[in-house]
Amino acid sequence: MATTKSCFYENEQQLNSFIEGNSFKDHHNLLVQIFYRHKEKQDLQHLERMLKKQLPASTVLSCEAVGCLTEEKKYIVTFTIIDKQELNPVLQDQYTINTLNNLVEVSQQDILNLNESLKVSEQYYRSLFDNNGDFVYSTDLTGNFTSINQAFMKTFGYTEDDLIGRSALDFIKEEDVHRAKMHFIQALKGKDQTYTIEIPIKSGEAQIFQIKNIPITVNGACVGTYGIGRNITTQKKSEEKIIQLAYYDQDTGLPNRMRFTEQLEEMLHRAKHRKEFLAVLVIDIDRFKIINDSLGHYAGDIVLKELAERILERLPAGAFFGRFSGDKFTLLLTENVSIDQTTRFARELQNIISMPLSYQSQEFIVTASIGISSFPGDGLDEQVLLKNADIAMNRSKNEGGNKITYFSTGMNDQAMVRLELESYLRKALQKNEFHLCYQPLMDLKSGEITCTEALIRWQHPHLGLVSPAQFIPLAEETGLIEEIGAWVLTTACVQTKAWQQNGFPNLGISVNVSAYQFQHHAFIGHVIEALEISQLGPGYLSLELTESAMLEDIVYSISVMKSLQELGVKVSIDDFGTGYSSLSYLRNLPIDTLKIDQSFINNLHDDPSDIAIVKAIITMGQGLSVKIVAEGVETHEQLNLLRELDCHYAQGFYIEKPLDIAAFEKGFRTMEKVEYTVK
């Protein structure tokens, strides 16, 4: 039986490959048929000559095909290998002619079927090509566009006339041409390529695209590439925003704690491999809280941003700078690290930071405490180095600030002691290790004790008596002050109510409140609970606040103080004169008492300026209708001078030291010869 194979004619190289691939040159009984469109008749002779040259032993016939060929597919060539029996000379000529006619008819039908299949395939392809949500394009072997789909035109704004026949590289940024060429060459070699690239669209706006290039293969040979892609600009911007939020400080733009720690880890890995030295600096702005309290947090953020910009401008090569938290910055030095170089730069940092700052025409100066740890001497990993530099920085602050301190092992021992103290503090309340002492306040006109101040004490079974100066800041830092403060408030109210029922009917109680405790949303609830449990009249309770506690959030503070006064509770400002508040704030604060700090009382009889200050505070208090209490009275001269200045109340060791409950109930006698005993 005869066998037939067909192909579309595209070019001589393609047709020769088809002939050689099917070994048609080895057959002498070969019938070659060319089906052509009428319009292409003039080019037919060239194709016939080429086939006769390639296959001299074959018979070449041409036949016009009607309705089965397209503009793109102008010729179909069929090759029929005829069995010898079908051409046996013994057979009649008519039989041979009939056989050939049948073969031609069969070949034509095969061509029609093939063409129909091609049309269906073409429709599938066009549907996928044109309706694809991603943009799709094709190029030839030289990188020129040969087709683009609707999504491509919509994405880039170009039409087919703008692009077909032009090089794809013409539309890419110059700096990306080399990279795009490499991906194109790899795709031609049969390797799929996926990459991200920024390309300007027709409007000129640069967009970010993810593109995949794949080869177009016909009869085993690459004839071009397909490109499939999508616009990922929004996605990229979202990713960049997420990275920015996760790794960078929003106020200064500096790497945050997480990013800086990662950078330190990377540089440590390199330093270990190269046997290099590193230095880690922790920089804390001294008394920065004053700026926040007096000018507001917005001004504080502006100041921190300006300081960050100053430091960034002066960073040495190989340095990494970040914002650790709040007013604390971190710096990593990686090149030419030595004690001399590090110290020199740390001093330069202090000079940069201490340059005058201005905000709303107000000029001020800040200083910085710096702690330094070094690799490998002070630690081998990022966490240890940061911890030790922070310990050294705290030492600088504890010594008055504006200092540079290198870490030493002894500092770590002190830090461990502090950690141990924190552990004990968390259990102190449960183990009933706290107790209160009470220091009387005396009315300077009558000489009577009208109130006491509750002062917390911590008696630890192993550490002994722990100073409030040690554990109160730690309690504030850890948040334990809320629970401890609530205990102090309730205990003091209960005890005062008991004394009112046993000899001191008009005795009041004054309780110190920390900034953290005062700003907590549950504070008013704790006050109400303490009064309900103790059944103490609200008018006998006075709460002492520092200026900084009130100025943390002045609007909120005023609302809390008004709520307290509505309950009948008195509000007092403690240590007045040592803070940084504006007198305009003071005029608007709903307060009952001002307590003059003992630093103004110590030299009252020797220093005229202290007398003037105290007199001014007392006069101001009278103008604001608030009572004045002098703290730290230790001599008879101080007491008499305060009386002459019309101060209302006094408190101090000259009157009476803080007493525990037993001593208070045992009774005491003031220097004014007024005796007090509990019934």
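The values are calculated or read from the model by the stated rules, or taken from the named source; none is laboratory data. What you see is a predicted model, and the numbers here were worked out from it, not measured in a lab. All Cβ positions, even for glycine, are placed from backbone atoms using ideal geometry, and neighbour counts span all protein chains on display.
Here is how the numbers come out for the structure above:
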read-out: Any hit, the stretch 632-642, residues being out of contact with any Ser or Thr (no Cβ under 8 Å at 6 or more places or on another chain), under 22 Å from I554 (Cβ atoms) and aliphatic (A, V, I, L, M); value: no
read-out: All positions within the stretch 507-553 that are assigned to a strand (DSSP E or B) and at pLDDT 90 or above; value: G508, I509, S510, V511, N512, V513, L541, S542, L543, E544
read-out: Among residues of the stretch 295-339, those that are farther than 21 Å from A389 by Cα and crowded, with 19+ Cβ neighbours inside 10 Å, counted; value: 2
read-out: Residues satisfying the stated conditions in the stretch 402-422, i.e. within 31 Å of the chain's Cα centre (by Cα) and modelled with pLDDT under 85; value: N412, A415, M416, R418, L419, E422
read-out: Residue, farthest from the chain's Cα centre (by Cα), within the stretch 435-450, restricted to residues that are assigned to a strand (DSSP E or B) and surrounded by fewer than 18 Cβ atoms within 10 Å (Cβ to Cβ); value: D443
read-out: Single residue of the stretch 621-638 satisfying the filter (assigned to a helix (DSSP H, G or I) and touching a helix residue (DSSP H, G or I) at 6+ places or on another chain (Cβ under 8 Å)) that is surrounded by the most Cβ atoms within 10 Å (Cβ to Cβ); value: Q638
read-out: Any pair with Cβ under 6 angstrom, 6 or more apart, that starts in the stretch 306-333 at a residue that is polar (S, T, N, Q) and ends at one that is not in a strand (DSSP E or B); value: T330/F260
read-out: Enumeration of residues in the stretch 234-261 that are closer than 19 Å to F329 by Cβ, out of contact with any Pro (no Cβ under 9 Å at 6 or more places or on another chain) and either among the charged types (D, E, K, R) or not in a helix (DSSP H, G or I) (or both); value: Q250, D251, T252, G253, L254, P255, N256, R257, R259
read-out: Residues of the stretch 338-392 that turn out to be of a type in the set (A, V, I, L, M, F, W, C) and farther than 16 Å from F407 by Cα, as a count; value: 10
read-out: Residue check, G253 modelled with pLDDT under 90 and either surrounded by 13 or more Cβ atoms within 10 Å (Cβ to Cβ) or within 21 Å of D140 (Cβ to Cβ) (or both); value: yes
read-out: Residue in the stretch 17-40 that is modelled with pLDDT of 75 or more, among the small types (G, A, S) and surrounded by fewer than 11 Cβ atoms within 10 Å (Cβ to Cβ) present; value: yes
read-out: Hey, E175 outside any strand (DSSP E or B), surrounded by fewer than 17 Cβ atoms within 10 Å (Cβ to Cβ), within 35 Å of the chain's Cα centre (by Cα) and free of Cβ contacts under 8 Å to residues at least 40 places away in the same chain or not; value: yes
read-out: Condition broken by L264, with the remaining ones in (1) in contact with a Leu (Cβ under 6 Å, 6 or more places away or on another chain); (2) assigned to a strand (DSSP E or B) satisfied; value: (2)
read-out: Inter-residue pairs, beta-carbon under 9 Å, first in the same structural domain as D574 (by TED's automatic domain parsing) and among the acidic types (D, E) and in the stretch 597-617, second surrounded by fewer than 17 Cβ atoms within 10 Å (Cβ to Cβ) and in a helix (DSSP H, G or I), 6+ apart; value: D610/S599
read-out: Qualifying position, being more than 30 Å from S167 (Cβ to Cβ), hydroxyl-bearing (S, T, Y) and within 15 Å of the chain's Cα centre (by Cα), among T334, T261, T330; value: T261
read-out: Test: residue in the stretch 343-351 that is of a type in the set (V, I, T) and within 21 Å of L254 (Cα to Cα); value: no
read-out: Index of the failed condition, N502 passing every other in (1) within 36 Å of the chain's Cα centre (by Cα); (2) of a type outside the set (V, I, T); (3) outside any helix (DSSP H, G or I); value: (1)
read-out: Sole residue being touching a Lys or Arg at 6+ places or on another chain (Cβ under 7 Å) and among the β-branched types (V, I, T), chosen from T452, T405; value: T405
read-out: Which listed residue, of E476, E482, E453, is crowded, with 16+ Cβ neighbours inside 10 Å, touching a residue at least 24 places away in the same chain (Cβ under 8 Å) and touching a His at 6+ places or on another chain (Cβ under 8 Å); value: E482
read-out: Selection from the stretch 141-157 of residues that are aromatic (F, W, Y) and closer than 19 Å to G224 by Cβ; value: F145, F152
read-out: Residue selected from the stretch 201-233 under the condition in a loop (DSSP other than H, G, I, E, B) and within 31 Å of the chain's Cα centre (by Cα), by the criterion modelled with the lowest pLDDT; value: I232
